[in-house]
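Notes follow the structure.
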Amino acid sequence: MIAKGIRFSKNYWSNLKWWLIDLVWMFKPNPVAKDVINSDYSIGVVTYVNRYEIHFLPLIKRLVTVFPDTQIVIAVNGYYDAEVQQRYLKQISALLNQYKNVDVITYDTGQSLSKLWNQLIIHSKTDKTLIFNDDIKIASNFRGKLERSGILNESCGLINASWSHFLMSKQIIQKNGWFDERFPGVGYEDQDFEIRLVLNGIVIKDYCIGGLKNLVFKTTDFSYGENIETDFEKYSSVNGKVFFKKWEVTQTDTDKFTWVRIIQAYAKQIEGMETPNFYLEKN
């Protein structure tokens with residue numbers, strides 16, 4: 001019996017809900033491979049070896065179950081330990097080859113997140129791609145919530161105010177350019193891209209969509225090598241250095257500076273740091 005007057009926090013109920021969702025998924029049958037017929041959007045996910053067991057395995061089972069008719073592109077990042085990487089590539093390829101709707105891009109060595117996002121968009125067979133981090137959970141009703149939300153009417157959009165899950169179209173890439181592959185690791189590429197959206201007059205809307213949980217996994221062993229210097233315990237410090245070579249940032253409303261939501265500050269591009277066209281074709 002629960003004592004009268006005890007109150008449970010919002011976080012308690014959220015954790016309980018997701019515990020029950022995880023329990024239900026444990027008893028769902030293995031997904032059935034289907035041909036791709038969804039022409040409205042594709043799904044893209046970046047992953048690497050140290051997230052395979054904890055995050056990627058449960059996520060891919062959920063994705064192919066909820067989106068059995070949708071192209072799912074998986075970009076498998078490289079790793080600095082070649083022997084570990086080759087075993088991992090055999091393991092993940094054997095898993096993903098079971099599914100007709102899953103396409104796989106693999107790398108032996110670590111690539112920038114910008115490049116991996118660009119490759120997801122290039123390999124997408126539709127104009128619009130939903131790009132997800134691999135450290136998320138989805139409920140079985142997520143697709144319905146997604147398709148009723150209105151985000152698919154946009155050319156780009158954030159889900160739950162985060163670049164951990166967003167919609168991007170080839171149309172926007174043509175207008176805004178690619179994610180900047182001069183960022184060699186992880187972090188700041190989303191800030192760079194959103195600043196450019198603002199400067200190009202492109203509005204990126206945010207959609208609150210239930211049935212999705214961002215776990216915000218903090219990486220301790222990056223793809224690129226051992227003892228990688230980090231910012232905020234999850235971004236590559238080298239990416240931060242590139243960012244501040246490209247953008248001048250201030251809290252003051254100054255001439256030629258533009259307010260940008262994601263950095264909560266004003267930004268101006270430094271001369272000579274324009275974003276290159278990394279691919280001859282932007283579609």
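Brief remarks on what is shown
- Taking each of Lys90/Lys218; Lys175/Lys246; Lys10/Lys218 in turn, the alpha-carbon distance tops 21 angstrom for Lys90/Lys218; Lys10/Lys218.
- Global form of the range 20-101, assessed from the alpha-carbon gyration tensor, a/c cut-off 1.5: oblate
- Overall, the accessible surface of the chain at a probe of 1.4 angstrom is composed of carbon and sulfur to the extent of 52 percent.
- Rounded to the nearest 20, the size of the Cβ-charge dipole of the chain about its Cα centre is 1180 debye, with Lys and Arg at +1 and Asp and Glu at -1.
- Cα gyration tensor shape for the range 67-117, rounded if a/c is under 1.5, else prolate or oblate: oblate
- Alpha carbon centroid spacing (whole Å) that separates the range 231-260 from the range 149-173: 23
- Qualifying trypsin sites (Lys or Arg not before Pro) in the range 205-280, where qualification requires a DSSP coil assignment and no more than 15 other C-beta atoms within 10 Å, comprise Lys218, Lys234, Lys256, Arg261.
- A Cβ-based charge dipole, computed about the Cα centre of the range 39-91 with Lys and Arg at +1 and Asp and Glu at -1, lands at about 120 debye.
- Of Ile173, Ile151, Tyr107, farthest towards positive along the dipole that unit charges on Lys, Arg, Asp, Glu beta carbons give the range 99-220: Ile151
- Look at the dipole of the range 190-278 built from charges on Cβ: of Gly210, Pro276, Phe257, the Cα furthest out on the positive end belongs to Gly210.
- Solvent exposure of the chain amounts to 51 Å² per residue of accessible area, where only protein heavy atoms count and the probe is 1.4 Å.
- The chain: calculated mean residue ellipticity at 222 nm from DSSP helix runs of at least 4, using -39500 (n - 2.57): -9500 deg cm²/dmol
The values are calculated or read from the model by the stated rules, or taken from the named source; none is laboratory data. If you're wondering where the values come from, they're calculated on a predicted model, not measured in any experiment. Cβ: placed from backbone, ideal geometry, glycine included. Neighbour counts: every protein chain shown. Accessible surface is based on the protein model in full, side chains and every heavy atom, while ligands, DNA and RNA are left aside. Shrake-Rupley method; radii C 1.70, N 1.55, O 1.52, S 1.80 Å.
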